[in-house]
1. Select the strands (runs of 3 or more DSSP E) contained entirely in region 36-79, then report the ones holding at least 3 residues which are over 16 Å from residue 7 (Cα atoms) and touching a Pro at 6+ places or on another chain (Cβ under 9 Å).
2. Looking only at region 5-23, filter to residues that are small (Gly, Ala, Ser) and under 11 Å from residue 85 (Cβ atoms); which one of those is surrounded by the most Cβ atoms within 10 Å (Cβ to Cβ)?
3. Output the number of residues of region 31-55 satisfying the condition of being touching a Lys or Arg at 6+ places or on another chain (Cβ under 6 Å) and either loosely packed, with under 15 Cβ neighbours inside 10 Å or touching a residue at least 60 places away in the same chain (Cβ under 8 Å) (or both).
4. Tell me, which residue of region 56-92 that is more than 16 Å from residue 9 (Cα to Cα) and charged (D, E, K, R) is surrounded by the most Cβ atoms within 10 Å (Cβ to Cβ)?
5. Does residue 46 satisfy being at pLDDT 95 or above, on the phi < 0 side of the Ramachandran plot and of a type in the set (Asp, Glu)?
6. If you check every pair at least six apart or on different chains, which have Cβ atoms under 7 Å apart with a residue in region 68-92 that is within 15 Å of residue 40 (Cβ to Cβ) first and a residue that is among the aromatic types (Phe, Trp, Tyr) and assigned to a strand (DSSP E or B) second?
Amino acid sequence: MAEAKITYDLESTLSAPDGGVLKSIAVTVEIEPASAGCLIYGWQKDGNMGCVEVRGARTELDLPFCQPKILVKYLLGLKNLKIQTRGFRLER
């Protein structure tokens with residue numbers, strides 16, 4: 001996997017298996033202030049990087065990424081960010 005040529009504010013690895021075995025990763029994203037947001041980048045099964053935009057104080061969603069490593073770009077004055085893994089689905 002080549003590193004992305006994007007600018008980002010945070011690199012993190014979620015609590016999920018590595019090795020391209022994931023179908024999605026269920027997360028809870030908490031953002032302060034509630035008017036802010038972020039872009040979460042991750043690798044998709046086809047080898048390309050995908051992106052999910054998150055806005056608001058608290059959001060539960062499934063990230064469609066096959067690897068647990070993510071890159072996050074802060075938007076709209078984001079000051080605090082917490083991303084917690086709730087679970088994951090394996091590719092069958």
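1. Result: empty, no element qualifies.
2. Ranking the qualifying residues of region 5-23, first place goes to 16.
3. Going through region 31-55 one residue at a time, the tally reaches 1.
4. Looking at residues that are more than 16 Å from residue 9 (Cα to Cα) and charged (D, E, K, R), I get 62.
5. Here the answer is no, as residue 46 does not meet what is asked.
6. So the pair list comes out as 70/41; 71/41.
The values are calculated or read from the model by the stated rules, or taken from the named source; none is laboratory data. Since we're looking at a predicted model, the values are computed, not measured. When we count neighbours, we look across all protein chains shown, and the Cβ atoms used for this are built from the backbone with ideal geometry, even at glycine.
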